[in-house]
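Below is one structure, written out as structure tokens; the observations come after it.
The values are calculated or read from the model by the stated rules, or taken from the named source; none is laboratory data. Note that the structure is predicted; figures quoted are calculated from it, not measured. FYI the Cβ positions are ideal-geometry reconstructions off the backbone, even for glycines, and counts take in every protein chain you see. Side chains are part of the model used for accessible areas, which takes the heavy atoms of the whole protein and leaves out ligands, DNA and RNA. Shrake-Rupley method; radii C 1.70, N 1.55, O 1.52, S 1.80 Å.
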Amino acid sequence: MIVASGRVVTAAAMMGHLDLALWLLRQASPDMAALVARLMLIDRRTSQARYVIPDFLAHADPLVERFERWARQNLAAGFSLQAAAGALAVTARTLQRRTEAVLGKSPLAFVQDLRVERAQSLIAMGLDLEAIAAEVGYADATTLRNLLRRRLGRGVRELRAEMQPHPREREHTLPA
């Protein structure tokens, strides 16, 4: 997450320093920032790419940036390629081509990434799975469960367990 306000720019989250570095580099040279972002992913675990630089990739292209903003605002409504393209004043084919070129995935796959990201956040907050499913654009929790298992390789119960503090961490927590 990057927050820019006037002359102050700040970053948060685990990989925020990388997002900040890419943001600063992008101000001077978007092409150089794109090259650095690709080179930073030297690890063979390509699945890490979606965690390290999604913000950078989405903001590397104005249309994809607008699509991301639209998708996040309309996540609960479900996804229609035609509706997205219409809202962005482009053809469905143009939106498809640009997301493929910039993100390496279809608009639907990108929206599903956003759904997984939002669902994980809501699961961590302890919300009911039916409510989470509605929040991310699904009519029922079963579809969301399937998406999470397919994308993350873990079910909701496992995700909730992972988000609980480890017993040792609880021992070292100071009282409020």
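Taking the condition of being touching a residue at least 12 places away in the same chain (Cβ under 8 Å) and in a helix (DSSP H, G or I), how many residues in segment 138-150 meet it?
Number of matching residues: 5.
Kindly evaluate ARG93 against the criterion of being buried (at least 17 other Cβ atoms within 10 Å of the Cβ), modelled with pLDDT of 70 or more and basic (Lys, Arg).
On the way: buried (at least 17 other Cβ atoms within 10 Å of the Cβ): no; modelled with pLDDT of 70 or more: yes; basic (Lys, Arg): yes.
It is false that ARG93 is buried (at least 17 other Cβ atoms within 10 Å of the Cβ), modelled with pLDDT of 70 or more and basic (Lys, Arg).
So, restricting to helices (runs of 4 or more DSSP H) that lie completely within segment 53-137, which ones have at least 1 residues that are β-branched (Val, Ile, Thr)? Before the answer, list the steps.
Values: elements: 54-59, 62-73, 81-88, 92-103, 107-124, 129-135.
It comes to 62-73, 92-103, 107-124, 129-135.
Which residue pairs have Cβ atoms closer than 6 Å, lie 6 or more positions apart in sequence or on different chains, and pair a first residue in segment 103-126 that is open to solvent by 50 Å² or more (accessible area, probe 1.4 Å) with a second residue that is among the hydrophobic types (A, V, I, L, M, F, W, C) and at pLDDT below 90?
Correct list of pairs: ALA124/MET163.
Is one or more of the residues making up segment 4-25 of a type in the set (Phe, Trp, Tyr), assigned to a helix (DSSP H, G or I) and at pLDDT 80 or above? Walk me through how you get there before you give the answer.
Step one: filter segment 4-25 for residues of a type in the set (Phe, Trp, Tyr), giving 23.
Still in the list and also assigned to a helix (DSSP H, G or I): 23.
Filter once more, so that each one left must be at pLDDT 80 or above: none.
Taking every residue of segment 4-25 in turn, none turns out to be of a type in the set (Phe, Trp, Tyr), assigned to a helix (DSSP H, G or I) and at pLDDT 80 or above.
For residues that are of a type in the set (S, T, N, Q) and within 17 Å of the chain's Cα centre (by Cα), scanning just segment 117-142, find the one that is nearest to GLY153 (Cα to Cα).
Of segment 117-142, the ones of a type in the set (S, T, N, Q) are 120-121, 142.
With the extra rule that they be within 17 Å of the chain's Cα centre (by Cα), the set shrinks to 120-121.
Numbers: GLN120: 13, SER121: 17 Å.
Among those that are of a type in the set (S, T, N, Q) and within 17 Å of the chain's Cα centre (by Cα), it is GLN120.
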